[in-house]
1. What percent of all Cα-Cα pairs in the chain falls in each 20 Å bin, counting up from 0?
2. Only bridges whose two residues both fall in segment 144-218 count here: according to DSSP, what percent of them are antiparallel, nearest 5?
3. Which residue, chosen from T57, T23, N251, occupies the Cα position most advanced towards the positive end of the dipole of the chain, where the dipole is computed from +1 (Lys, Arg) and -1 (Asp, Glu) charges on Cβ about the Cα centre?
4. What are the extents of the Cα atoms of segment 85-201 along their three principal axes, in Å, largest first?
5. Could you tell me which residue out of L365, V378, G352 lies farthest along the dipole of segment 248-391 toward its positive end? Charges go on the beta carbon: Lys and Arg +1, Asp and Glu -1, centred on the Cα centre.
6. What is the Cα centroid distance between segment 1-42 and segment 242-278, reported in whole angstrom?
7. Placing +1 at every Lys and Arg Cβ and -1 at every Asp and Glu Cβ, with all other atoms neutral, what dipole size does the chain have around its Cα centre, in debye to the nearest 20?
8. For the charge dipole of the chain, defined by +1 on Lys and Arg C-beta atoms and -1 on Asp and Glu C-beta atoms about the Cα centroid, which residue among N90, V160, G186 has the Cα displaced farthest towards the positive pole?
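Please treat every number below as a calculation from the coordinates, not as lab data. What you are looking at is a predicted structure, and each value in this text was computed from that prediction instead of being measured. Please note: Cβ atoms are built from the backbone with ideal geometry, for glycine as well, and neighbour counts cover all protein chains shown.
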Amino acid sequence: MFAEKMDLRLPGPVQVPREIQRTILRSFDHPMMDYRTGAFQEVLRAAEQAVKPVFQTQSDVYILCGSGASALETAMVNLVGPDDTIVICNIGYFGDYLVDIAAHIGARVLEVRAEWGQVVDPDAVRALLRQHPEVKAVFATHCETSTGATNPVRDLAAIVRETDAVFVVDAVSSLAGTPLYMDAWGIDVIATGGQKALMLPPGIALVAVGEKAWRVMERHRCPSFYLDLKKYRALLPQGHTPYTPNIALVNGLLESCRLIEAAGGMEAAYRRHAALRDMTRAGVRALGMPLLVDDAHASPTLTSVVWDDAGMDADAFRKVLRETFHVAVGGGLGKLKGKLLRLGHMGYTDAGDVLKMLGVLELGLARIGRPVTLGAAVRAAQQVWLERPEC
Ligand SMILES: Cc1ncc(COP(=O)(O)O)c(C=O)c1O
């Protein structure tokens, strides 16, 4: 009976709202569209306009088929070549993706690192840029999804803006849930995927490119056939993409933007996610479980809980939650595999979802024999909600 029931409390992919599911299903239930005709051109143009407020930008946003990693690779291959030096602000598993993409290109990488769970020191980036005026671009993960720590991209943008380098942000798990103001903060490129706080099934990548980045891209020979943004830029005014678009998900994106707007727009989305985070953190604290990230850098989209049980690893406990309560939470990645619970609270998540997640966490702990005061986490989260009923 419960074979298909699973409450996704992962740091992506996330639950897809019914309205988006219906929109996507309708795309399949129609005779296939000729994407080069008026009807789809309108949808593409509308989606590209509607998503700009989510990026907080007036710049163009390009929609590609792909996942978050393809958005990162798109940003990098359009800016960086084998002779270039770049800085990567690496604070975890997904920071390593950026380093790996750069290694595929053969670029020279200067890394600014922090322990997993912490964030980079902007002064270290400033010092490195002074020492290396040849740096062509600085890349930073905004929310490091493997830990739930959020790099200070606003401060980093201000530092990079003073140089000739371009500032690129991986916003795969932050966009639409974490304050991120592309134009106001002076970010040159933002790369993301659809399957996180945009609430879509996986399958589209989005890359926003500002003027400073375009000046660099125009002079750069992109070695990729498919990811060459100059082609996307040339066709955008006509409502075309150079290659076959993901028609269903572009329709879904338009609906996602409509839902975000109908729920109060971006500021409301930021407040909602912050309240979900604070409910979750209060609940975890009430259980006496350690949080990986401190309050100042904790992501509004996911919360990492350090699993300190010597007798059972975190992934075995996650299995208990999945099999007993049909609730899926994330686990540790890379060197933190088996050592973390990553609780997702982005996108289509409300206060009730967090209360359920905390309630089953309590029961799961009781089930494996850990001493737990039932109701403590739920009550602590409820207290937060009473003070800030924003989610
Ligand atoms: C911060 C970040 N960057 C990059 C990626 C890679 O995205 P994808 O798995 O969609 O390729 C992820 C995926 O979770 C992510 O969280």
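1. 29, 56, 15, 0
2. The antiparallel fraction comes to roughly 65 percent.
3. The Cα lying farthest towards the positive end belongs to T23.
4. Projected onto its principal axes, the Cα set of segment 85-201 covers 41, 31, 25 Å.
5. Checking the options against the dipole of segment 248-391, the answer is L365.
6. Cα centroid to Cα centroid, the span is 13 Å.
7. Approximately 520 debye in magnitude.
8. Selected residue: N90.
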